[in-house]
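Down below is the structure, laid out as structure tokens.
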Amino acid sequence: MSELRSEFLLRVSADLDAPRVLDEAPRGTRLIMHFAGGAFSGPRLKGQVLPGGGDWVLLRRDGVAELDIRLTLRTDDGAMIYARCDGIFHSTPEIRERIRNGEDVDPAEYYFRTAPRFETGVQNYLWLNRLLAVGMGRRTATGMVTEIFAIR
């Protein structure tokens, strides 16, 4: 077996609307946050994060947040790309409070990882349909920034 390698694919920056909170749902507390918009760029593609996607977060009773992120990307040349990312966010309650208060917390102080998958029918971007990727995220005062790496 060869060594696992990764290659920088793109960076996504997106703003999130205020969460809708469903307290004490059967599996935990659910937060639903919609993307207000954003941008992405990488060596082979760049463009906008369109409004309307979001993150359907499940705050489990053990303090771990399960992420269910869905976005629609529009490249600068007009291609539409759907991205779905399962992920995990974990931190101490103190770190979560600092983030909620708008503080720019060093991402080394918490765990924010995603596993993006892409779908498109546009010829120039069909290669996205055939790769697995890993994202390393950072929360911001207004949303999130994630650097995504293709696994080779």
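The values are calculated or read from the model by the stated rules, or taken from the named source; none is laboratory data. Since the structure is predicted, the reported quantities are computational estimates derived from the model, not experimental observations. No Cβ is skipped: glycine too gets one built from the backbone with ideal geometry, and neighbour counts run over all protein chains shown.
Details
- Breaking point among (1) among the hydrophobic types (A, V, I, L, M, F, W, C); (2) within 19 Å of Arg138 (Cα to Cα); (3) surrounded by fewer than 16 Cβ atoms within 10 Å (Cβ to Cβ), for Met80: (2)
- Number of positions in the range 108-143 that are crowded, with 18+ Cβ neighbours inside 10 Å, at pLDDT below 95 and not charged (D, E, K, R): 1
- Every residue from the range 1-52 that is hydrophobic (A, V, I, L, M, F, W, C), in contact (Cβ under 8 Å) with a residue 60 or more places away in the chain and either crowded, with 18+ Cβ neighbours inside 10 Å or part of a strand (DSSP E or B) (or both): Phe8, Leu9, Leu10, Val12, Ala14, Leu16, Phe35, Ala36, Leu45
- Residues in the range 82-102 that are of a type outside the set (Val, Ile, Thr) and in a helix (DSSP H, G or I): 6 in all.
- Qualifying positions in the range 60-81 - part of a strand (DSSP E or B) and more than 22 Å from Arg20 (Cα to Cα): Leu73, Arg74, Thr75, Met80, Ile81
- All of Val57, Val105 fail the test of being β-branched (Val, Ile, Thr) and assigned to a strand (DSSP E or B), apart from Val57.
- Qualifying residue in the range 107-119 (condition: acidic (Asp, Glu) and more than 13 Å from Ala83 (Cβ to Cβ)): yes
- The set of residues from the range 135-152 being hydrophobic (A, V, I, L, M, F, W, C) and either at positive phi or part of a strand (DSSP E or B) (or both) comprises Met136, Met144, Val145, Ile148, Phe149, Ala150, Ile151.
- Residues (part of a strand (DSSP E or B) and in contact (Cβ under 8 Å) with a residue 60 or more places away in the chain) located in the range 115-134: Ala133, Val134
- Any chance Phe118 is closer than 19 Å to Pro51 by Cα and among the aromatic types (Phe, Trp, Tyr): yes
- Residue check for Arg100: farther than 22 Å from Phe35 by Cβ and free of Cβ contacts under 8 Å to residues at least 12 places away in the same chain: no
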